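What follows draws every value from the coordinates through simple rules; no lab data is involved. Bear in mind that the values here come from a model prediction, so they are computed numbers and not experimental data. A quick note on method: Cβ atoms are made from the backbone with ideal geometry, for glycine too, and the neighbour counts reach across all protein chains shown.
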Amino acid sequence: MPLTTETMILNMGPHHPSTHGVLRFILRTDGEVIHMCRPDIGYLHRGLEKIAEQVPYAHFMPYTDRLDYLAAMNCNLGYAITVERAADIEVPLRAEYIRVLVAELNRIISHLISVGTFAMDMGAVTPFTHTLREREWVNDLFEELCGSRLTYNYIRFGGVAFDLPDGFLDRLSRFLDYFEPRLKQYNRFISKNKIFKERLIGVAVISTQQALDYALVGPNLRASGIDWDLRRDEPYSVYGEMEFDVPVGGSEFGELGDCYTRYWVRILEMEQSVRIIRQCIAKMPEGSYWNRSKKKLKVPAGEIYVRTEAPRGELGFFLVSQGGLRPHRLRIRTGSFSAMSIVEEVGSGLMVADLVALIASLDVVAPEVDR
Amino acid sequence: MKIFDGIKGYFRNIYESVTTVSMGMWITFKTAFFERKVTLQYPSHDILEGKPKDASLSNKPNLNPPFEPLLGAGQQIYKGPLNTQLPERYRGLLGYDEPSCISCLLCALNCPIDVIRVKGVKIEGRKGKVPTTFRIDYSKCMFCGLCVEVCPTDAIFFTRQFEGATFEYRTLIREFISPKLSLERLQLAEEAKAKAREKKEEKEKSARETSHTE
């Protein structure tokens with residue numbers, strides 16, 4: 001008589017330490033092997049797109065903070081650029097540089113969280129405390145800049161809310177001087193760790209074709225070997241004047257598109273962000289920081305789609321205006337959502353423990369999935 | 001030859017594991033014993049001194065801490081224990097400076113979630129309108145700062161108070177103008193209105209009379 005095992009339906013989440021928020025996965029498992037993995041999303045749905053239709057344009061800015069709470073500046077920036085292009089608002093040069101600076105700073109701390117939680121999900125708890133220590137410093141800088149540590153609400157239509165405080169750039173350079181050796185330390189600490197590498201290389205491989213089919217974006221796409229970065233290929237703000245490389249996954253660090261490559265691309269991106277911030281500090285022009293208009297903002301009727309490169313990939317805002325004080329419709333496209341959709345295809349066939357690695361390496365943030 | 005490679009690989013694996021793990025351990029060790037500790041025993045210790053604030057206080061849990069009333073800009077503001085380290089632009093709970101408020105409603109109109117409720121009346125001897133109701137619902141506030149940004153007289157501002165935790169929601173709804181003061185102002189406004197009406201009537205009357213005589 002052949003040995004057979006019954007498959008079992010297993011609920012992973014909604015409250016599971018590895019899901020980074022409230023996410024649920026319905027697994028059909030045969031022992032440790034997953035036969036089917038279906039993500040069940042919507043636990044954090046707050047109806048942000050509907051709220052956008054009910055509040056004036058400027059009032060939606062604090063809500064974009066809540067879109068992706070680990071990268072609020074980037075969400076602010078995406079929304080601000082959308083409305084500015086639709087309403088034809090000019091932004092002073094200094095404001096543009098400040099925006100790029102804060103966006104890259106936020107990218108660093110977002111990736112720090114991603115790297116730290118990834119290591120923690122893999123069982124190494126110490127790196128998380130190290131990455132959070134660095135993040136605290138940046139949070140202090142942001143607090144000094146705009147008064148808030150997480151939900152910044154800093155970028156406005158036509159500029160930024162506050163000018164840089166006195167001596168801010170010096171303190172920022174001091175942080176960067178401190179941070180660069182730390183990044184090398186992380187590499188010695190976890191990236192080059194034999195156990196960490198053995199655990200992740202070749203796990204949950206997303207091929208180039210799969211990445212394209214499922215419209216992966218951001219670091220996940222680049223880890224699968226596609227050289228695409230909106231900051232370089234469709235430059236917005238002053239990214240066109242910046243010099244930086246786009247790290248793309250390759251065979252030199254493990255297999256193309258595996259968990260380790262996705263991790264490694266993020267580490268490399270942090271180095272590039274430091275480069276961009278240094279250029280911003282060097283080039284920071286004088287002048288006005290906010291081209292403030294006293295009138296109520298009215299966006300002319302029409303449609304516009306603007307995408308920007310957030311830490312979790314492309315963040316797109318599709319705005320339909322009928323000429324009123326409020327958007328007629330605002331659709332938000334986020335990187336985490338498309339990353340979520342590929343879990344079903346890649347997840348089946350994995351071990352349960354490897355699914356944790358896959359989710360952590362995709363760097364999914366639950367509020368961004370559900371909006 | 002293949003078997004030798006296998007053995008070599010086996011020992012290399014062991015060597016790499018031991019070295020990389022000990023490297024990580026060394027960093028942990030260094031951080032744990034030689035680097036400056038950053039843990040702050042926040043409520044019980046003074047941040048700057050690093051000592052317990054008041055031994056008798058720190059041992060007793062305060063079950064229902066009084067929620068200090070927020071005072072105006074000119075008056076003494078409640079200073080949180082982290083006061084010295086908070087930056088200038090810190091967004092704490094909203095504060096309100098009654099004398100400078102002109103009830104222009106800009107803060108209420110600029111709030112995305114209707115946290116602020118303002119009503120005002122016109123009274124002689126003060127610029128703008130005088131507020132009769134000013135209510136902030138701290139339980140809803142999301143500290144976006146849009147109201148502070150638009151206030152023309154800096155009547156609404158951010159304090160440095162962040163310890164707003166209470167046991168009941170209703171304690172988070174704050175009336176900044178006492179009912180007594182509100183009533184007084186409403187009466188004053190009513191009297192002023194009545195006076196104006198009388199004046200107007202008299203004027204009209206006299207105008208009618210003059211037109212009658214002509």
(message) What aspartates and glutamates does B:LYS203 reach when the alpha-carbon gap must be under 16 Å and sequence neighbours fewer than 8 apart in one chain are set aside?
(response) none
(request) With a/c under 1.5 counting as rounded, go ahead and sort segment A:8-370 into rounded, prolate or oblate using the C-alpha gyration tensor (a ≥ b ≥ c being the square roots of the eigenvalues; past the cut-off, prolate if a/b is larger than b/c, else oblate). (result) oblate
(request) Evaluate E = 1/(1 + (r/R0)^6) for A:ASP163 and A:LEU132, where r is the Cβ-Cβ distance and R0 equals 30 Å; express this FRET efficiency to the nearest 0.05. (result) 0.55
(request) Can you list which of the GluC sites (Glu not before Pro) found in segment A:1-61 are DSSP loop residues with at most 16 other C-beta atoms within 10 Å? (result) A:GLU6, A:GLU32
(message) Looking only at Cβ-Cβ distances, which cysteines of the protein assembly as shown have no other cysteine closer than 4.7 Å?
(response) A:CYS37, A:CYS75, A:CYS146, A:CYS259, A:CYS280, B:CYS101, B:CYS104, B:CYS111, B:CYS141, B:CYS144, B:CYS151
(message) Between A:PHE128, A:PHE142, A:PHE189, where does the largest GNM mean-square fluctuation fall for chain A, given springs only between Cα atoms within less than 10 Å?
(response) A:PHE189
(request) Any of B:LYS127/B:LYS199; A:LYS295/B:LYS127; A:LYS50/B:LYS122; A:LYS50/A:LYS294; A:LYS294/B:LYS129; B:LYS129/B:LYS199 with alpha carbons more than 29 Å apart? Name them for me. (result) A:LYS50/B:LYS122
(request) May I ask you to derive the FRET efficiency for B:GLU184 and A:ARG46 from their Cβ-Cβ distance with R0 = 35 Å, giving the value to the nearest 0.05? (result) 0.25
(message) With +1 assigned to the C-beta of every Lys and Arg and -1 to the C-beta of every Asp and Glu, and no other charges, what is the dipole magnitude of chain A about the Cα centre in debye, to the nearest 20?
(response) 920 debye
(request) First select every other residue whose beta carbon is under 14 angstrom from the beta carbon of A:ALA353; then total the charges, Lys and Arg +1, Asp and Glu -1. (result) -3
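Sorting A:HIS59, A:HIS16 on the 10 Å Cβ count, fewest up front, what's the list?
Ascending number of Cβ neighbours within 10 Å: A:HIS16, A:HIS59.
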(request) Only helical DSSP H runs with n ≥ 4 go in: add -39500 (n - 2.57) per run for chain A, normalise by residue count and round the 222 nm mean residue ellipticity to 500 deg cm²/dmol. (result) -14500 deg cm²/dmol
(message) Give me A:TYR69, A:TYR79, A:TYR186 sorted ascending by neighbouring Cβ count inside 10 Å, so fewest comes first.
(response) A:TYR69, A:TYR186, A:TYR79
(request) Would you mind counting up the charge near A:ARG188? Only other residues with Cβ under 14 Å from its Cβ, with Lys and Arg at +1 and Asp and Glu at -1. (result) +4
(request) Order by neighbour count: B:ASP97, A:ASP68, fewest other Cβ atoms within 10 Å first, most last. (result) B:ASP97, A:ASP68
(message) Which aspartates and glutamates, if any, have their Cα less than 17 Å from the Cα of A:LYS184, not counting same-chain residues under 8 positions apart?
(response) A:GLU134, A:GLU269, A:GLU271
(request) Write out the trypsin sites (Lys or Arg not before Pro) in segment A:1-57 meeting two conditions: DSSP loop, and at most 13 other Cβ atoms within 10 Å of their Cβ. (result) A:ARG46
(message) Take A:MET36 and A:THR208, extend 7 Å from each Cα along the Cα→Cβ direction, and tell me the distance between the two endpoints in nm.
(response) 3.3 nm
(message) Please state the shape class of segment A:289-371: rounded when a/c is under 1.5, otherwise prolate if a/b exceeds b/c and oblate if not, all from the C-alpha gyration tensor.
(response) prolate
(request) Under 13 Å Cα to Cα from B:LYS119, which aspartates and glutamates show up? Leave out anything in the same chain fewer than 8 places away. (result) B:GLU98, B:GLU175
(request) Set the Förster radius R0 to 60 Å, insert the Cβ-Cβ distance between A:LYS192 and B:ILE173 as r into 1/(1 + (r/R0)^6), and round the FRET efficiency to 0.05. (result) 0.60
(message) Around A:GLU49, under 12 Å between beta carbons, what's the net of Lys plus Arg minus Asp minus Glu among the other residues?
(response) +4
